[in-house]
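Working notes, structure below.
The values are calculated or read from the model by the stated rules, or taken from the named source; none is laboratory data. Every value quoted in this text rests on a predicted model; they were computed, and no experiment measured them. Cβ sites come from the backbone with ideal geometry, for glycine too, and all protein chains shown count toward neighbours.
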Amino acid sequence: MIKLYETGAYLLNGQELVADDADSAAVLAAKGITADKAEAGKQTMAYSILEKHNTSDNMEQLKIRFDKMTSHDITFVGIIQTARASGLKEFPVPYVLTNCHNSLCAVGGTINEDDHMFGLSCAKKYGGVYVPPHQAVIHQYAREMLAECGAMILGSDSHTRYGALGTMAIGEGGGELAKQLLKRTYDVARPGVVAIYLDGEVAKGVGPQDVALAIIGATFNCGYVKNKVMEFVGPGVDKLSADFRIGIDVMTTETTCLSSIWKTDDEIKNWYETHYRPECYKEMNPGAVAYYDGVVYVNLSEIKPMIAMPFHPSNVYTIEELNANLMDILDDCEKRALVSLDGKVDFTLKNKVRDGRLYVDQGIIAGCAGGGFENICQAADLIRGRYIGADEFTLSVYPASTPIYMELAKNGVLADLIGTGAIVKTAFCGPCFGAGDTPANNAFSIRHSTRNFPNREGSKIQNGQISSVALMDARSIAATAANKGYLTAATDMDVQYKGQKYFFDRSIYDNRVYDGVGKADPTVEIKFGPNIKDWPEMVALTENLMLKVASVINDPVTTTDELIPSGETSSFRSNPLGLAEFTLSRKDPEYVGRAKAVQKLERIREAGECMGEADASMKEAMHKVKEMFPDVCGKNTGVGSTIYAVKPGDGSAREQAASCQKVLGGWANIAKEYATKRYRSNLINWGMLPFVMQEDYAFSVDDYIFVPGIIDAIKNKDDVIKAYVVGDNMKEIKLTLGELTDDERKIILAGCLINFYKE
C-alpha cells in the first residue's frame, strides 16, 4: 500500500523513479542521463517556488516574502495587535481575515462578535479582506479566492495547505505573520523535498481521508517528512479529482511536514475556471530529471477505508482490520488513554461493542477536510433514501463555504441529507476543535475533520468528562449512518455515485465580503471590545537565568491542544492575561499557580528587592549557585519558569501555546525535540529559549536550573550551553538551541518579537 524509500531518488519525466543507490548512476547512464544530484534537486516544483520567493542571495538560508496571507478570528487580533505595537501602517500584501472559529457569538457575552468588529475595522483601516462569520472556513475561502499556481500563502492556522491547487502554503504562529505585515521575511533553512508518488487508482467508496490517513500512519512516527515539503507526483495524481486532491492535501499537516505542492493539470485548470479565476492557473511539473530527498510510494489501488482511532491521526487501521480485531484494538486504545489522559478518568470503548459490532454515537462531516462539495455529495449518495434512526447516533454536516451550501441546495443534496435525519449547518470550524457538537460523556464520535487529539472534541478531564473521536472519510461516515451508527466501510455498500457537477456562485462573496485591498483608510478607528487587551510588557533577557520547573510532561508527544486547550478558551485569545489562566489546564492544572509563583519572584527582582525574603527555596538555591558563581545576583540573573516535555508542539500553529507561558513568566522550554517548526518558532518569537537536551534526566516539578552566561552564549552562537540543576550539589547538564538566525537571536535577547521591533 505504502512504501518509504530508504534513500533519495531521481524522478524521470515525472513518471519513473530511480532510487539513489549503488546502481543508480548506471541506470541513469543507460538512459543517457548523467546524474548531478545538486542540479537535479533544483528541478523540483518546490525549489522553483522557493527560489522565486526568496529575497536572500543564499538558497540554503531562505528569506521568504509571501504573496498573500490569511488568518481567522482566533488569531488575527493578536497578530494585528503585535504588528500595531511595532508600527504597522498598512497591510503590505493581501491579508484575509476570516471568521470561522469563534463564529458562535454565545460564549462570554459580546467578546466573539467584538473580535469580528475589530477585524472589520482593521480591514478598513489597513486595507484587508473581511469574511463575515458562517460564509466560509478559512481554507475553503483561500482555495476559492486566494490560491494560484506558483504562489506562496502564509496562514496563522496549521492546516494552511493549498498545494493541490499549485500554491505552496505554510501554517505558522502569529509572530511570523506579524513579521510579514512589517515587511520582514520568513527565515528558514531550505527544506528537504520528499516525493509523494501516487500510483494506481482508488477503489469505489475510498475517499481522500482514507488516502491521507494511510500516508500519515506511514510517516508520522518515523518523522519521514518532518519539516520537509511533500511534493505530489506520479500517474495516480491524474486520476484524482481536484476535490479529492484537496482532501488529501489538507491533511499533510498531520505528518509534520512544512508544506506541500502538487503537479497541476487540466483538472486543476477546470477548477480555476469554475471559480472564475482562469488567470491563476498554470501547468506545473517537476523537471525532466528531478532529485528528491526521499520517496513515499503510494499504491492508490490498495488503499482501503481507514480509521484513525483515539488519540492521534497516526493511530490508523483499515476499518476491515478494526472490525476483525475489535477487542484487541480497543484494548490498545485503553493503554494509549492511560498515557494521554494520565489516568485521570476511566476510558473504554469496549462498551460500544454491540453483538460484536462497534456502535458509534455521532458522525460529523465538517470543515476544511470534510466539508468539500464532492465529499458531501458522495456521502449523500450513500445514505439517500435511508434514515439514521432514533437512537443515540446523530449526523451533522457542515459545508465548507456558503457557495458550496448554495449549490447543495440547488442540486437537491441538501434536501436528501435533511430527509435522512442529518442536520446540515453553516460553514464553521467548531467541531474540529471542540467549540461545537461536543459529544456526551463516554460517547464516541467519527469525524471527517483534521484531528482527534485527547479532549479536542470539547470534553474536560478536569471535570471528569471524557469522549473521543476517530477520524474517517465522509463516505464511510455516511455508510455508518446508513446502518444507524454501526461502523461500516463505504466499500461494503453498493452505491451508484451521481457525480454532481459543481457551479460556483461568486456573487455570494461579492455581495457580502468586504474587500479593502489597496484601499487602506488611516482615518478609520479600530473597534475594541472590553476583552481585547494589549500584550503585557516583557523584559529583555538577563545575563544569567534561574529557571524553576513548573511542569514535567513525559508523554511521547505533547500537542498544542494540551499546552493551551481549544474550545471555549478560544474566545479569550484576544486577552493574553485571561487566556493564560487556561494554560495546561487539561494536562497539568497546577501549572498556572506554579508559574505565577515564580513570576512573582521575578517581579520582586525587577523592583530591586530581595527574592529570598519571599521564598525560602529560592534563597537556598541562589546561595548554592553563588558558591560556584560568586558574581551572581538579582541584578544580573532573571527568574522564570520552564516546562520539560519530551516532544512538545504537535498540532495547531496557535502562537498562544507559547505566548501564554511567556505571559506567565516563562523563559524556556526544555525538550528532547520539538514536534514542529512552527511551535519552536512561536517560542522564539515570544522570547523563550527552545532548549534541547539529548541526555536523559528525570526533572521534577520545582527543580531549579541555573543557566550562567546565557546572553554571551547566544551572542557567541555556542553549540552547547552548560546549565546546572541546583540541589545538594550542582548537577551539570548540557543544553543546545539548535539553528537560530541572527534575527531570532536578537528576538530572544530582546525578550520577544514586540521588543525587538521597538528597538
Selection from region 134-189 of residues that are more than 18 Å from the chain's Cα centre (by Cα), closer than 30 Å to residue 265 by Cβ and in a strand (DSSP E or B) = 136
With the checklist (1) surrounded by fewer than 24 Cβ atoms within 10 Å (Cβ to Cβ); (2) more than 27 Å from residue 141 (Cα to Cα) in hand, flag the one item residue 298 doesn't pass.
-> (1)
Across region 73-98, which residue is nearest to residue 527 (Cα to Cα) among those that are among the charged types (D, E, K, R) and assigned to a loop (DSSP other than H, G, I, E, B)?
-> 73
Could you pull out every one of the helices (runs of 4 or more DSSP H) wholly within region 568-647 that has 3 or more residues that are without any contact (Cβ under 8 Å) to a residue 24 or more places away in the chain and out of contact with any Pro (no Cβ under 6 Å at 6 or more places or on another chain)?
-> 591-606, 616-628
Could you tell me whether any residue of region 710-726 is basic (Lys, Arg) and assigned to a loop (DSSP other than H, G, I, E, B)?
-> yes
Only listed residue being of a type outside the set (Gly, Ala, Ser) and outside the structural domain of residue 345 (by TED's automatic domain parsing), chosen from 514, 486, 497 = 514
Those residues of region 380-418 which are assigned to a helix (DSSP H, G or I) and either within 26 Å of the chain's Cα centre (by Cα) or without any contact (Cβ under 8 Å) to a residue 60 or more places away in the chain (or both) amount to 402, 403, 404, 405, 408, 409, 414, 415, 416, 417, 418
Looking only at region 338-362, and only at residues there that are among the hydrophobic types (A, V, I, L, M, F, W, C) and without any contact (Cβ under 8 Å) to a residue 40 or more places away in the chain, the one that is nearest to residue 454 (Cα to Cα) | 338
Return only the number of the condition from (1) surrounded by 22 or more Cβ atoms within 10 Å (Cβ to Cβ); (2) closer than 24 Å to residue 158 by Cβ; (3) touching a Lys or Arg at 6+ places or on another chain (Cβ under 9 Å) that residue 240 does not satisfy.
-> (3)
Could you check, for region 283-296, whether at least one of its residues is in a loop (DSSP other than H, G, I, E, B), of a type in the set (Val, Ile, Thr) and in contact (Cβ under 8 Å) with a residue 40 or more places away in the chain?
-> no
Across region 728-750, which residue is farthest from residue 540 (Cα to Cα) among those that are touching an Asp or Glu at 6+ places or on another chain (Cβ under 9 Å) and in contact (Cβ under 8 Å) with a residue 60 or more places away in the chain?
-> 730
When (1) within 19 Å of residue 571 (Cβ to Cβ); (2) surrounded by fewer than 24 Cβ atoms within 10 Å (Cβ to Cβ); (3) without any contact (Cβ under 8 Å) to a residue 40 or more places away in the chain; (4) of a type outside the set (S, T, N, Q) are applied to residue 436, the one that fails is (3)
Taking region 91-108, which residues are among the aliphatic types (A, V, I, L, M) and touching a strand residue (DSSP E or B) at 6+ places or on another chain (Cβ under 8 Å)?
-> 93, 96, 97
Scanning region 42-75 for residues that are at pLDDT below 95 and surrounded by 19 or more Cβ atoms within 10 Å (Cβ to Cβ), the one nearest to residue 176 (Cα to Cα) turns out to be 75
Take residue 662 and decide whether it is of a type in the set (D, E, K, R) and modelled with pLDDT of 95 or more.
-> yes
Checked against (1) assigned to a loop (DSSP other than H, G, I, E, B); (2) at pLDDT below 90; (3) within 23 Å of the chain's Cα centre (by Cα); (4) not aromatic (Phe, Trp, Tyr), residue 534 satisfies every condition except (3)
Scan of region 468-491 for residues that are touching a residue at least 24 places away in the same chain (Cβ under 8 Å) and surrounded by fewer than 22 Cβ atoms within 10 Å (Cβ to Cβ), ordered by number | 484, 486, 491
Residues that are farther than 17 Å from residue 68 by Cα and crowded, with 24+ Cβ neighbours inside 10 Å, drawn from region 82-106 = 82, 99, 100, 101, 102, 103
Flag for residue 608 being more than 30 Å from residue 73 (Cβ to Cβ) and at pLDDT below 90 = yes
